[in-house]
1. Hey, any hits in the stretch 60-69 for a residue that's closer than 26 Å to Ile92 by Cβ and under 8 Å from the mean Cα position of the chain (by Cα)?
2. Among the residues of the stretch 1-26, write down those that are surrounded by 11 or more Cβ atoms within 10 Å (Cβ to Cβ) and not in a helix (DSSP H, G or I).
3. Do we have any residue at all in the stretch 69-89 that's loosely packed, with under 14 Cβ neighbours inside 10 Å and outside any loop (DSSP other than H, G, I, E, B)?
4. Of the residues that make up the stretch 48-66, is at least one part of a loop (DSSP other than H, G, I, E, B) and within 24 Å of Gly28 (Cβ to Cβ)?
5. Give the residue that is farthest from Leu107 (Cα to Cα), with candidates limited to residues of the stretch 44-58 that are surrounded by 17 or more Cβ atoms within 10 Å (Cβ to Cβ) and β-branched (Val, Ile, Thr).
6. In the stretch 80-123, which residues are in contact with a Leu (Cβ under 7 Å, 6 or more places away or on another chain), aliphatic (A, V, I, L, M) and in contact (Cβ under 8 Å) with a residue 24 or more places away in the chain?
Amino acid sequence: MVSGGLYGLLAVLLGALGAHALDNTLSGQGESTWEIAWRYHVMHALVLLIIGLWQRTTGTGPARFVVYVFVAGVLCFSGSLYLLALFPASIIGPIFGPITPIGGGLLIFGWAMLVLTAWRTQT
């Protein structure tokens, strides 16, 4: 629940930053990229909270490994997109561009592990 709360807090702060402080800084593409990063960020913060509640109420649930995969996935996926929205692609793209699909792969893997865990606990 701590990681979900921290990611939720950070998502609100970065959402406000994107909407207010960076309003005139981000280009059309940068604004769209920021929005995608924020959407995945906040969605997975909520998922981490739900996983925490699941574990607290049932005493079972996904292993910590699933939480770590989601935390790393958001960090790589959303984190790289936030940076790509802020800095020119020609400068930062070669470094952080390849990290985005790695983060996406981690998120997909986390969801698959979550489904597997849910399926195992109900049978």
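What follows is calculated from the coordinates using simple rules that are stated; it is not laboratory data. Just so you know, these numbers come straight off a predicted model, no measurement behind them. In this analysis, Cβ positions are derived from the backbone assuming ideal geometry, glycine residues included, and neighbour counts consider all displayed protein chains.
1. No; the residues of the stretch 60-69 include none that is closer than 26 Å to Ile92 by Cβ and under 8 Å from the mean Cα position of the chain (by Cα).
2. Met1, Leu22, Thr25, Leu26
3. For the stretch 69-89, residues loosely packed, with under 14 Cβ neighbours inside 10 Å and outside any loop (DSSP other than H, G, I, E, B): absent.
4. No - not one qualifying residue is present in the stretch 48-66.
5. Restricting to residues being surrounded by 17 or more Cβ atoms within 10 Å (Cβ to Cβ) and β-branched (Val, Ile, Thr), the top hit is Ile51.
6. Residue satisfying the conditions is Ala85 alone.
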